[in-house]
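> I have a structure I would like to understand better, so I am pasting it below and will then ask my questions one at a time.
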Amino acid sequence: MQMRALITGASAGLGAEFARQLAADGFALVLVARDAERLAALAARLPVETEVLAADLTDAAGLERVAARLRDGDRPVDVLVNNAGTAVAEPFHASAIDEERRVHELLSWVPLRLAHAALPGMRERGRGGILNVASLAGRMPSGTYAAAKAGLIMLSRSLHARYRRDGVAVTALLPGFVATEFHERMGVAPDAVPRAGWADAATVVRDGLRGLRRRRAIVVSDWRYRLAAPLIPLVPDRLSAGVGLGARVEASGARPPISDADRSRR
Ligand SMILES: NC(=O)c1ccc[n+]([C@@H]2O[C@H](COP(=O)([O-])OP(=O)(O)OC[C@H]3O[C@@H](n4cnc5c(N)ncnc54)[C@H](OP(=O)(O)O)[C@@H]3O)[C@@H](O)[C@H]2O)c1
């Protein structure tokens, strides 16, 4: 039987890599992000049936179109990858509150909304998987991004515990720094993180999909971060706060190069 996955944030970074790896596993795909052209270009390169669903997930109508697709029992979605994400580049005291709200919704409300749309059908069919791309940042008090990711981790654990017995796996994937467009969009130069700290997207995605197949509640990727993870609770809060994006952007004096253009699209 043809399995199908819906991936949010599929136009770049981890999302595009999820699309490639799930296609290689034979999944039909539904690709979601704002940039329709990039999604179409990716779809054209994938050797599987692929739908493009261009939507801004922070727009209520866009989000509901994706939720409706997940509820469509005629073309069921077996795996939901809640991956779309960004962060606020400015430190908390200088950020725009509308931007804080938009990012918080994208990281926290959107995955909840989409899981809520997908889960009843998965339960009825007695199988399904939801992979929530959180972050190791969700384990440290390092800003509003971390706060939203902490909420997503807790949501994943709750759904995992409750719906496992119904055949639905829910996994939170916790990467460290991954080489994607994410930091560039925030204006953080790649050298703001030591070279050895960057994980590659292919490894992170492979770890996440393996964890979902094995029905793990939490997956930390990759091996360096699995080694470091137990030490995180020992780090004093004032040091964790300095790891946050806002703090790094502030320290480097960088201007976010993409967020202005991004904002004008919203
Ligand atoms: N990179 C890291 O170091 C890192 C570490 C830990 C966790 N993560 C998490 O991994 C996930 C993927 O990030 P990434 O590193 O792959 O970043 P990325 O390369 O910047 O990709 C982000 C994706 O999200 C989409 N997106 C952003 N805003 C959206 C919106 N309003 N509606 C729909 N789609 C939207 C973007 O597409 P469009 O611009 O076309 O909409 C893009 O496809 C995020 O949840 C992020 O928090 C990343």
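The values are calculated or read from the model by the stated rules, or taken from the named source; none is laboratory data. In this text the structure is predicted, and so the values were computed from the model without any measurement. Positions of Cβ are generated from backbone atoms using ideal geometry, with glycine treated the same way; all protein chains shown enter the neighbour counts. SASA here: full protein model, heavy atoms, side chains in, ligands and nucleic acids out. Shrake-Rupley method; radii C 1.70, N 1.55, O 1.52, S 1.80 Å.
> Give me the number: length gained by fully extending Phe92 to Glu181, i.e. 0.36 nm times residue separation minus the C-alpha to C-alpha distance, one decimal in nm.
Contour length minus the Cα-Cα distance gives 29.8 nm.
> Only bridges whose two residues both fall in the stretch 4-264 count here: according to DSSP, what percent of them are antiparallel, nearest 5?
0
> Now for a different question. Taking only C-alpha pairs under 8 Å that are 6+ residues apart, what is the relative contact order of the chain in percent?
Contact order relative to length: 18 percent.
> How many percent of the accessible area of the stretch 75-139 is carbon or sulfur, using a 1.4 Å probe?
Carbon and sulfur: 56 percent of the exposed surface of the stretch 75-139.
> Follow-up question, since we're still on this one. For n ≥ 4 DSSP H runs only, could you compute -39500 (n - 2.57) per run for the chain, divide by its residues and tell me the 222 nm figure to the nearest 500?
Rounded to the nearest 500, it is -13500 deg cm²/dmol.
> Which of the DSSP-defined H helices in the chain satisfy a minimum axial length of 27 Å, computed from C-alpha atoms, and a minimum mean Kyte-Doolittle hydropathy of -0.5?
Span-like helices, by this rule, are 144-163.
> May I ask you to rank Thr171, Thr144 by accessible area, largest first, using a 1.4 Å probe over the protein chains only?
My answer, sorted largest first, is Thr144, Thr171.
> Just name one of Val133, Val170, Ala24: the one whose Cα is farthest towards the positive end of the charge dipole of the chain (beta-carbon charges, Lys/Arg +1, Asp/Glu -1).
So the residue furthest toward the plus end is Val170.
> Dipole size in debye (nearest 20) for the stretch 127-202 around its Cα centre, Lys and Arg Cβ +1, Asp and Glu Cβ -1?
500
> Excluding ligands, DNA and RNA, what is the solvent-accessible area per residue of the chain at a probe of 1.4 Å, expressed in Å²?
Roughly 47 Å² per residue, with all protein chains present.
> While we're here: Report the net charge of residues surrounding Arg162, where surrounding means a beta-carbon distance below 14 angstrom and charges are Lys +1, Arg +1, Asp -1, Glu -1.
For residues surrounding Arg162, the net value is +4.
> Report, in debye and to the nearest 20, how large the dipole of the chain comes out about its Cα centre when Lys and Arg carry +1 and Asp and Glu carry -1 on their Cβ.
1040
> Just to check I understand the Karplus step: with θ = phi - 60° and J = 6.51 cos²θ - 1.76 cosθ + 1.60, what whole-Hz values come out for the stretch 214-231, glycine and proline as x?
Using θ = phi - 60°, the values come out as 8, 6, 7, 6, 10, 10, 9, 10, 9, 4, 5, 6, 5, 5, 7, 3, x, 7 Hz.
> Separate question: Compute and list, largest first, the equivalent-ellipsoid semi-axes of the chain from the alpha carbon gyration tensor, each √(5λ) rounded to a whole angstrom.
Whole-Å semi-axes of the equivalent ellipsoid: 28, 21, 17.
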